[in-house]
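Colleague: The structure follows.
The values are calculated or read from the model by the stated rules, or taken from the named source; none is laboratory data. What you see is a predicted model; the values in this text were computed from it and never measured. We place every Cβ from the backbone using ideal geometry, glycine too, and count neighbours over all the protein chains shown. Heavy atoms of the whole protein, side chains included, go into the accessibility calculation; ligands, DNA and RNA do not. Shrake-Rupley method; radii C 1.70, N 1.55, O 1.52, S 1.80 Å.
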Amino acid sequence: MRDYDDEPMQRPKWIAWLIIIGMILVVLGLLNLGVRLYIGTPSDQTTAQRVQAMAEASPELAQAQATLESSNCMRCHGIDRKFVGPSFVQVSDKYREQADASAYIARKIREGSVGVWGNVIMPAHAQVTPAQAESMAHWILAIPPAP
Ligand code: HEC
């Protein structure tokens, strides 16, 4: 008969894997947060102030900004940083003078877009209601032009 007493207790392998996967998830989470904080922050004080002043001036726009920030938009769009998609300042500058701009933008938000700014696809956002899309469009168009 063999004696197993002095064999060290084996820790099951899956615990090690669980710890490694957990650490990878934490790192990915921090990177994602870092990228989001970076894109979401305007690159200069003037833009930050312009956008803040605009939201303070109108509860409707403040509400629209909150919806935009809690939606996934800021993963791909910065206020004034071009990232996966154009910055909201760029979009605002492009359409500010266009008569049907807010209906056009609201439709693009819900249906998605490709080919206007490049070959990267913006996915459709069917979960955004038409009213929410309309108010996000108002917010984008209300960004004051750079002085
Ligand atoms: C997965 C990345 C991604 C997400 C998420 C995203 N967009 Fe976009 N968006 C893009 C890209 C890429 C374009 C450029 C598409 C093109 O060239 O037509 C774009 C274009 C736009 C345009 C300009 C459309 C035009 O015709 O000029 C608006 C407005 C816009 N996005 C708003 C939003 C809003 C609001 C949200 C959140 C509800 C959002 N986007 C979420 C990637 C994204």
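Colleague: Of the residues that sit in region 36-47 and are part of a helix (DSSP H, G or I) and surrounded by 13 or more Cβ atoms within 10 Å (Cβ to Cβ), which one is modelled with the highest pLDDT?
Modeller: Here the answer is THR47.
Colleague: Restricting attention to region 93-131, report how many residues are more than 15 Å from the chain's Cα centre (by Cα), in contact (Cβ under 8 Å) with a residue 40 or more places away in the chain and within 9 Å of the ligand (Cβ to nearest atom).
Modeller: Number of matching residues: 1.
Colleague: Determine whether ARG75 is more than 22 Å from PRO144 (Cα to Cα) and among the basic types (Lys, Arg). Spell out how you get there, then give the answer.
Modeller: On the way: more than 22 Å from PRO144 (Cα to Cα): yes; among the basic types (Lys, Arg): yes.
So ARG75 passes the test.
Colleague: Could you figure out which of (1) assigned to a helix (DSSP H, G or I); (2) surrounded by fewer than 18 Cβ atoms within 10 Å (Cβ to Cβ); (3) away from the ligand (no atom under 11 Å from the Cβ) isn't true of ARG50?
Modeller: (2)
Colleague: Something else: So which residues in region 67-87 are within 6 Å of the ligand (Cβ to nearest atom) and in contact with a Ser or Thr (Cβ under 7 Å, 6 or more places away or on another chain), if there are any at all?
Modeller: HIS77 - this is the single residue of region 67-87 that is within 6 Å of the ligand (Cβ to nearest atom) and in contact with a Ser or Thr (Cβ under 7 Å, 6 or more places away or on another chain).
Colleague: Could you run through region 82-125 and say how many residues are open to solvent by 60 Å² or more (accessible area, probe 1.4 Å), under 17 Å from THR67 (Cβ atoms) and touching a strand residue (DSSP E or B) at 6+ places or on another chain (Cβ under 8 Å)?
Modeller: Of the residues in that region, 0 qualify.
Colleague: Hey, among the residues in region 136-147 that are part of a helix (DSSP H, G or I) and more than 10 Å from the ligand (Cβ to nearest atom), which one's most open to solvent (accessible area, probe 1.4 Å)? Give the steps one after another, and end with the answer.
Modeller: Filtering region 136-147 for residues part of a helix (DSSP H, G or I) gives 136-142.
Now drop any that are not more than 10 Å from the ligand (Cβ to nearest atom), which leaves 138, 142.
Working: HIS138: 70, ALA142: 40 Å².
Selected residue: HIS138.
Colleague: Kindly list the number of the only condition in (1) over 17 Å from the mean Cα position of the chain (by Cα); (2) more than 21 Å from PRO147 (Cα to Cα); (3) of a type outside the set (D, E, K, R); (4) open to solvent by 100 Å² or more (accessible area, probe 1.4 Å) that fails for ILE24.
Modeller: (4)
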